[in-house]
1. Taking Cα atoms, how many degrees apart are the long axis of helix 201-213 and the longest axis of the chain, rounded to 10 and kept between 0 and 90?
2. With a 10 Å cut-off between alpha carbons and a GNM built on the chain, which of 283, 298, 12 moves the most?
3. Enumerate lysine pairs in the range 127-285 that are 8 or more residues apart or on different chains, then count those whose Cα atoms are under 27 Å apart.
4. Which order do 16, 147 take by accessible area at a 1.4 Å probe, largest first?
5. Quick check for you: with a 1.4 Å probe and neighbouring chains kept, what is the accessible area per residue of the chain, in Å²?
6. State the percentage of accessible surface on the chain attributable to carbon and sulfur atoms; use a 1.4 Å probe and exclude ligands, DNA and RNA.
7. Considering the convex hull of the alpha carbon atoms of the range 160-311, report its projected area averaged over all viewing directions, in nm², one decimal.
8. Can you find, among 25, 200, 121, the residue farthest towards the positive end of the dipole of the chain? Put +1 on the C-beta of Lys and Arg, -1 on that of Asp and Glu.
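The values are calculated or read from the model by the stated rules, or taken from the named source; none is laboratory data. Bear in mind the structure is a predicted one, so any value in this text is a computation, not a measurement. So basically every Cβ, Gly included, is an ideal-geometry build from the backbone, and we count neighbours across all protein chains shown. Note: accessible area is taken over every heavy atom of the protein model, side chains too, but ligands, DNA and RNA are not part of it. Shrake-Rupley method; radii C 1.70, N 1.55, O 1.52, S 1.80 Å.
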Amino acid sequence: MHNYQIPIVYFPLKLMFVDDNPNILKTISTTLQEKYRCEIANSVDKALDILNSRMDFNYNLFTFEPNSEINLQAKNQSTKFNLSLNISNILKLVENTDKYNNIGIVITDYEMGDKNGLDLCRKIGDKQVKKILLTGQLDTSKGINAMNSQTIDRYIQKDSSTVVQDLKDYIETLHNVYFNQLFSINNNTLLNSDLYVLDNCDYIELFEDILLEHNIKEFYLIDSKGSFLMLNDSNERFVLNINTDKSLNDFIYTYQDEKYISSLIDGVRSRELVPFFGINTDPTSVELSQWYKHFYKPQIFKDFFWNWIKV
C-alpha cells in the first residue's frame with residue numbers, strides 16, 4: 001500500500017500487442033480479450049501509425065484555482081489551490097464509450113526485423129502509454145537496461161513458463177500506475193477538500209475489499225468526501241457512499257435548524273443514519289417531506305461510515 005492513492009477514475013484500458021509473428025499475436029490477445037479490448041500491430045511502423053492517429057483523451061475532471069489569500073501569507077511554501085471536482089464531466093466520462101478505445105498499455109516483442117520493440121518504445125516517448133517488452137532469454141540484459149532508463153515499464157521473458165500470468169499481473173499493475181499518475185492528487189497543494197481519504201490506508205483497505213467482493217471493473221469519484229460510482233462485470237451500477245465524522249458534523253451544522261427533519265438530524269448525530277441524496281444532487285433540491293427516503297443505516301469500518309447502494 002505504500003505510495004498508493006486511489007485514482008479518481010479507473011476503467012479497463014485498451015491493450016496493443018506488437019509482434020511480426022501472427023501466431024504469437026493471436027495467442028496472447030485471445031488470452032486477454034475476455035477482460036480487455038485489444039488491438040494488434042505486426043510492425044513498429046504500424047503500431048506508431050495507430051498510436052499517432054489517436055488523439056490524447058481530454059478528461060478535464062478538476063478545476064484548480066490558486067488561493068491568493070493563503071499564497072500571500074506563505075511566500076516560501078508551494079502554491080495552494082482550491083480544488084473543484086467537476087462531477088458533471090466525470091458523469092459524462094462514465095457514459096463516454098470512446099474512453100475504451102484509449103490505448104494505455106503496449107506489449108511489444110523485442111525482435112521484429114529491421115526495427116525492434118525498444119525502437120517502438122523510444123518513439124512512443126513520454127506519452128502516458130505504459131510499455132511491456134517481451135524478450136528472449138538472450139535479451140534479458142536489454143530489458144533490464146531499458147527498465148533502468150525508463151524506456152519501458154516492465155519486461156517479460158516470453159519463453160518463461162509463467163509468461164501469461166506474468167503478463168496479466170503486469171497489466172493489472174500498470175493500470176493502477178497509469179491512473180495514479182494521471183489523476184494523483186497532491187494533498188499538500190489542495191484546500192477545501194476531504195480527498196485526503198484517497199491515500200488513507202484504512203480507506204484503501206476498505207476500498208480494495210469492496211472491489212474484490214463485488215467484481216468491480218471501473219469506478220468514478222462522485223463527491224469531495226471520497227464516494228464512488230462503481231460498475232461491476234455485469235455493468236450493474238453501485239455507489240460506495242463514504243462519510244467521516246467531519247463530513248457528518250458538517251451536514252448536521254448545515255441543516256440542524258430544519259425542525260421538520262430533526263429526527264433525521266438526530267439519527268446522523270448518533271451515527272445511526274447517514275445521508276445520500278443521489279449522484280450530484282443538492283439536498284436542498286429535495287422536498288423536506290421526502291428526505292426520509294435518502295438516509296441509510298451505515299456500516300462502520302474504523303473511522304468510516306459507509307453504504308453500498310445500487311443505483
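1. Helix 201-213 sits roughly 70 degrees off the main axis of the chain.
2. 283
3. 20
4. Sorted descending by solvent-accessible area, the residues read 147, 16.
5. Here the residues of the chain average 53 Å² of exposed surface.
6. About 46 percent, which is the carbon plus sulfur part of the accessible surface.
7. 11.1 nm²
8. The one lying farthest along the dipole's positive direction is 121.
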